[in-house]
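All of the numbers you see were taken from the coordinates with simple rules; none came from a lab. Model, not experiment: these values are computed from the prediction. Quick reminder, even Gly has a Cβ in these numbers, built from the backbone with ideal geometry, and neighbours come from all protein chains shown.
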Amino acid sequence: MNRINQTMLSGAAILCAWSTAYAQEVPKKSEVEEIIVTGTRAAGRTALESLTPVDSIAGEELSQRGFPDVAKALQFLEPSVNFARAATTATAANSRPLTLRGLAPDQTLVLINGKRRHATSILNTNNTVGRGSAGVDFDMIPAAAIEHIEVLRDGAAAQYGSDAIAGVINVILKHGDAGNSVVVEGGVTEEGDGEYYSTSGHTGFALPNGGSLLLAAEARKQDKTNRANVDQRFGRVTYWFGDPEVELYNLALNADLPIGPGAAYAFGTLGRKDSTNPGGFRVPGLTPLYPNGFLPKVNPVITDGALTLGWQMEDSAGGKFDISHTYGRTKADFEVFDTANFSLGAQSPTRFNAGATIYEQNVTDVAFSRPFGNFWAGANLAAGLQHRHENYEIVPSEPAAYVGTGADGFAGFNPSTPVDDGRNAYAGFVDIELKPIEPLTIGLAGRYDDYDDFGDATTWKVSMRGELTQSLALRGNVSTGFRAPSLQQQHFSAVAGALSSGRLVTVGTLPVGDPVAKALGATELKPEKSDNYSAGLVFTPLPNLSFSADWFHIEIDDRIALSEQLSGTAVNAILLNAGITNFQQVRFFTNAVDTTTQGFELMSRYNWDATPSTSVRVALGYGRFETQLDTLRANPVLPTLPLLGQKSILYVTKAQPDEKLTFNAEVQGSWWAVQSSVTHFGTYTSMPLVAVQEFGSKTVVDLSLRAEVLHGATLTAGVLNLGDEHPDAINLTGFEASAIASTGGSFPTGEESPIGVNGRTYYLRVGFDF
């Protein structure tokens, strides 16, 4: 079964349809250290024998970081991963998508046990990183169930299909023989807010015929944080700028059962998240219901589930066959409260049912692979078919939420035509790995995808790895990729309050097929297409010391972005002719830009047994990322209104750190351990209110001490952000009057900070293994 894991880490053999096979037989820890990373498993390092750069991060590394969620922990362990912690945005702050290599969240494919994970139904329409995307919410995957996470840093559309332009994040669940554990953890910021408490654990069971079942669970409650400045207009804090309130419950299972010549398997997750984040403060005088002004709150309650059922077999010659079906569904029920609908006057409710969004995905995979050990120095052939059906639905709000001017802050959903749209996609792939001679491996992959709503796409990939010596190898990859426009991007329709040049306005987000959107320049969306190039080297001068360096270049045409909030005389006339009075600005999705992203990544790891009972582990990673705008297309109907303004362009190109360094070190004794990490985030540029600003680099130091206080019981105490670093403040020089007029100077910084706004945080963790 270990061969399956080796195949997964070979970049030329990463296969969408059959990779679940290896996930069902995740090796024990010692085996993972041998197979996946050649020696030992550690954070922030490459799988050294792969054709493409792959990092493997252990589940226990993630859970010991002291962060309440997986996304934050992974960000501080993986140089190429970014997690912008939005502070005031209801859609971005209440989901937990990740980005890779400075691209968008939906340009990274996420897998669970090698199977495509469904995206969230919540579309990020706010002004922050990932604007216009619907990524995968990592909050809905319990950390207690994760054996390890693999990050493939290279284009992989020819192997997986849509979305894998930046790379792949593959979450491998624990197997049923992983033992049993219970963890209780809590933390609080130095300011005394943001308290969180979590309880998690997993347990394994033996099933007949050598099968097994793993169950994992997680419960977490997290209070809000608020770093808003005093509102200079009123002499008090009026805004909420920080982390959302969250109450979260998650379950996961992973099972396998030998049946006949093969084995059946099943894995899945089920979660519920209740989170709350604010809109912008509304000043006194707008409604008699709030004589002192009010701060609307948006409350999505997210239910999310996924289940994969499959069967696999392996013959005596090493040939493998796998068939599976994966179902995923996420629903976000929205409420908005502490608000009012001005059109209803004093009779307005203060809490509204704002509707819901639902996304479903069904994926059926059939595939086989076959090694040919006697062909040249070795070869492997894999091929398969896939069918994917997706559906996106918008459930309308209650009438009081959208009538007239609508509930202030978020008027919910009232699409002009019902939104309940689906599509089918069919795909076939071939993946060949050849070894003409022992030191040389060549990978060839091709894939054809056909979508019934926009057409087809053919992608390919060529990979090569050559061992110059026993300790030095070169690798390179050339590939094409694509990302299909999501159903959320094609059909989303809503009205909400938003900031425009520091001023609160009401914005309608319309689907591209809406007559008003077409009158303002919207056209049918096309898939994004990419050309990916990478080259690197791997150097292992000692068995416990390794280095790797990889350069990458990604050209993306027809990138899908959420347009600027279009306004002005021409827009007003079109809205008036359409009888629209509840919003003044319009935005829609558009293939407006072409970009080029390039950079390089350096990785190193060192492991040393200082004494028979003391070990030292060090991992160092660095990444440099630069995205430039190649083309900005004009609005075909209203050329004087740009499809993307300066702020929107910055979200695509410069709003994520231009470099990142991660340093993780652990010294472990027989009953104790000291762990330290240093993470340096480079500069980023955005337009938080009225002016473009470059935000300076920041370096965050984390420290923890762990001790086995009883047999099987460990106590961990730690400090996150030891130096109490905060992002740069918004520079209002020359803009004080306009900024204060709109927000009262309440915002301390922008929404793009990778380190968040909370500052120093303390946590305590008690774990029991039995």
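Dipole size in debye (nearest 20) for the chain around its Cα centre, Lys and Arg Cβ +1, Asp and Glu Cβ -1? Show your work: numbers first, answer last.
Values: 56 positive and 82 negative charges, 128 e Å.
So the magnitude is around 620 debye.
Given a cut-off of 22 Å, name the pairs among Lys72/Lys526; Lys72/Lys698; Lys435/Lys461; Lys461/Lys529; Lys115/Lys331; Lys115/Lys320 whose C-alpha atoms lie farther apart than that in the structure shown. Walk me through the numbers on the way to the answer.
Values: Lys72/Lys526 33 Å; Lys72/Lys698 16 Å; Lys435/Lys461 16 Å; Lys461/Lys529 14 Å; Lys115/Lys331 20 Å; Lys115/Lys320 17 Å.
Listed pairs above 22 Å: Lys72/Lys526.
How much FRET efficiency would the formula 1/(1 + (r/R0)^6) give for Ala665 and Phe600, where r is the Cβ-Cβ distance and R0 is 22 Å, rounded to 0.05? Let's see the in-between values first.
On the way: r = 23 Å, r/R0 = 1.05.
After rounding to 0.05, the efficiency reads 0.40.
Extending each Cα 7 Å along its Cβ direction at Val701 and Trp672, get the distance between those two points in nm, one decimal.
Going by the 7 Å Cα→Cβ label model, 2.0 nm.
Taking the Cα centre of the chain as the origin and placing charges on Cβ (Lys, Arg +1; Asp, Glu -1), which of Ser324, Ala382, Ala522 is farthest toward the positive end of the dipole?
Value: Ala522.
To the nearest 0.05, how large is the calculated FRET efficiency for Asp453 and Trp608 if R₀ is 45 Å and r is the Cβ-Cβ distance? Could you put the intermediate results ahead of the total?
On the way: r = 55 Å, r/R0 = 1.23.
Plugging the Cβ-Cβ distance into 1/(1 + (r/R0)^6) gives 0.25.
Need one number: % antiparallel among DSSP beta bridges in the chain, to the nearest 5.
Details: 299 of 307 bridges.
Within the chain, antiparallel bridges account for around 95 percent of the total.
To the nearest 20 debye, what charge dipole does region 458-578 have about its Cα centre, counting +1 at the Cβ of each Lys and Arg and -1 at the Cβ of each Asp and Glu?
Working: 9 positive and 10 negative charges, 24 e Å.
For this selection, approximately 120 debye.
Over the chain, calculate the relative contact order: mean separation of alpha carbon pairs under 8 Å at least 6 apart, over the residue count, as a percent.
Rounded, it is 13 percent for the chain.
So which DSSP H runs in the chain come out at 18 Å plus along the axis (Cα) with average Kyte-Doolittle of at least 1.0?
Details: long enough: none.
Both cut-offs are met by no helix.
For Cα pairs less than 8 Å apart in space and 6+ apart in sequence, what is the mean separation divided by the residue count of region 375-450, i.e. the relative contact order in percent? Write out the running numbers ahead of the final one.
Values: 124 pairs, mean separation 30.7, N = 76.
Across region 375-450, relative contact order equals 40 percent.
State the Cα centre-to-centre distance between region 392-434 and region 597-668 in whole Å.
Here the two parts' Cα centres lie 30 Å apart.
Considering only Phe267, Gly718, Gln347, whose Cα is most displaced toward the positive end of the charge dipole of the chain, charges sitting on Cβ of Lys, Arg (+1) and Asp, Glu (-1)?
Gln347
Using 1/(1 + (r/R0)^6) with R0 = 51 angstrom and r between the beta carbons of Asp769 and Glu398, what's the FRET efficiency to the nearest 0.05?
Numbers: r = 49 Å, r/R0 = 0.96.
About 0.55, to the nearest 0.05.
Hey, if you put +1 on the Cβ of every Lys and Arg and -1 on every Asp and Glu Cβ in region 568-693, which of Ser613, Thr679, Leu643 ends up farthest toward the positive end of that dipole?
Leu643
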